[in-house]
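Undergrad: Encoded as structure tokens, here's the structure I'll be asking about.
The values are calculated or read from the model by the stated rules, or taken from the named source; none is laboratory data. Keep in mind the model is a prediction, meaning the values are calculated, not measured. Note: ideal-geometry Cβ built from the backbone for every residue, glycine included; neighbour counts use all protein chains shown. The accessibility values were calculated without ligands, DNA or RNA, using every heavy atom of the protein model including side chains. Shrake-Rupley method; radii C 1.70, N 1.55, O 1.52, S 1.80 Å.
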Amino acid sequence: MAKVLVIGAGGQLGQSIKKIVAQRSITEVVFPDEGAANILNVADLSSLFNQEKPAYVINCAAYTAVDKAEDEADIAKAVNETGAKNLAELCKEHQATLVHISTDFVFEGNDIKLLNEDDVAKPISVYGATKLDGELAIAEELDQHIILRTSWLYSEFANNFVKTMLKLGADRDELNIIADQVGTPTYAIDLANTIFDIIQNPEKKYGVYHFSNEGVTSWYDFAKAIFDLSGTQVNVNPIPTSAYPTKATRPHFSVMDKTKIKRDYNIIVPYWMDSLKECIEQLRLNNQ
């Protein structure tokens with residue numbers, strides 16, 4: 001397979017990619033450390049591209065602290081927009097395809113309907129706005145791009161909602177979880193597999209694609225499923241968003257339509273509960 005360069009390899013998606021690369025016996029994948037792959041350091045990035053000569057670049061690097069971004073808009077913009085543009089420019093120079101990870105937060109999420117790739121993006125947070133600006137910067141600079149919008153990402157790696165719930169559930173008897181924000185959890189292992197299904201597909205179609213697991217749930221029901229599947233005994237109370245104010249506003253409904261990616265790349269999308277079972281089993285094995 002042509003050489004693949006993974007930027008942001010230390011995060012949960014980067015670590016998930018490392019896992020599936022090993023499972024699938026894919027050898028031509030490079031995971032540079034953060035110092036050599038800082039997307040804001042064009043000189044170092046250029047050296048990395050010249051050294052590795054990638055055919056594909058997967059950008060997992062992002063500023064994802066949603067609430068903190070409200071106070072650090074300049075930093076979020078630098079990473080999510082300028083960093084993405086830097087990668088797009090280098091991919092254009094080296095004739096590489098950029099696979100870039102984006103988010104459901106580019107949508108307002110006020111309408112109860114499946115979101116498709118052609119729906120108007122209208123972010124309601126700094127994080128969402130900077131991620132959308134990154135998408136636009138890539139599209140303006142580089143034709144050979146695949147932007148994957150995903151949602152509610154979790155895995156056995158790094159910090160995420162599943163691991164947080166398991167930790168809190170072990171320490172507390174009762175938890176209050178928001179029940180009026182609805183979307184779809186995405187297992188990072190499934191997203192990683194999808195990325196390589198796309199890369200290994202000889203028929204390339206570029207542009208924006210939606211990928212999450214199948215199904216619809218709330219944060220409350222997601223938490224309930226985590227506790228049920230892990231055998232954690234804790235009382236979970238549903239609360240409205242208004243009872244848990246945050247700096248950044250979240251979309252209330254951000255369930256994405258996966259028709260396009262299934263049609264163009266023949267992707268089989270697992271149901272969210274099945275993938276959650278896999279993740280919890282993996283966490284159990286890791287803790288043995």
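Here's the yes/no breakdown for (1) buried (at least 20 other Cβ atoms within 10 Å of the Cβ); (2) assigned to a loop (DSSP other than H, G, I, E, B); (3) modelled with pLDDT of 95 or more:
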{"site": "50", "(1), (2), (3)": "no, no, yes"}
{"site": "61", "(1), (2), (3)": "yes, yes, yes"}
{"site": "69", "(1), (2), (3)": "yes, no, yes"}
{"site": "98", "(1), (2), (3)": "yes, no, yes"}
{"site": "101", "(1), (2), (3)": "yes, no, yes"}
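Undergrad: Can you name the condition, by its number, that residue 38 falls short on among (1) over 18 Å from the mean Cα position of the chain (by Cα); (2) buried (at least 18 other Cβ atoms within 10 Å of the Cβ); (3) touching a residue at least 12 places away in the same chain (Cβ under 8 Å)?
TA: (3)
Undergrad: Applying the selection to the range 107-142, what residues are under 16 Å from residue 261 (Cβ atoms) and surrounded by 21 or more Cβ atoms within 10 Å (Cβ to Cβ)?
TA: Selection gives 115, 135.
Undergrad: Could you check the range 230-268 and list, in sequence order, the residues that are more than 23 Å from the chain's Cα centre (by Cα) and of a type outside the set (Gly, Ala, Ser)?
TA: 232, 233, 234, 235, 236, 237, 238, 239, 240, 244, 245
Undergrad: In the list 80, 59, which residue meets the criterion of being within 17 Å of residue 8 (Cα to Cα) and touching a Gly at 6+ places or on another chain (Cβ under 6 Å)?
TA: Of the residues listed, the single one that is within 17 Å of residue 8 (Cα to Cα) and touching a Gly at 6+ places or on another chain (Cβ under 6 Å) is 80.
Undergrad: Output the number of the condition that residue 25 fails; it satisfies all remaining conditions of (1) open to solvent by 60 Å² or more (accessible area, probe 1.4 Å); (2) in contact with a Lys or Arg (Cβ under 7 Å, 6 or more places away or on another chain).
TA: Going through (1) open to solvent by 60 Å² or more (accessible area, probe 1.4 Å); (2) in contact with a Lys or Arg (Cβ under 7 Å, 6 or more places away or on another chain) one by one, residue 25 breaks only (2).
Undergrad: Over 14 Å from residue 183 (Cβ atoms), touching a His at 6+ places or on another chain (Cβ under 7 Å) and open to solvent by less than 40 Å² (accessible area, probe 1.4 Å), is that true of residue 261? Outline the logic, then answer.
TA: Values: over 14 Å from residue 183 (Cβ atoms): yes; touching a His at 6+ places or on another chain (Cβ under 7 Å): yes; open to solvent by less than 40 Å² (accessible area, probe 1.4 Å): yes.
Yes.
Here's the yes/no breakdown for (1) open to solvent by 80 Å² or more (accessible area, probe 1.4 Å); (2) over 24 Å from residue 172 (Cβ atoms); (3) assigned to a loop (DSSP other than H, G, I, E, B); (4) polar (S, T, N, Q):
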| residue | (1), (2), (3), (4) |
| --- | --- |
| 229 | no, no, no, no |
| 232 | no, no, yes, yes |
| 237 | no, no, no, yes |
| 242 | yes, no, no, yes |
| 251 | no, yes, yes, no |
| 267 | no, yes, yes, no |
| 277 | yes, no, no, no |
| 281 | no, no, no, no |
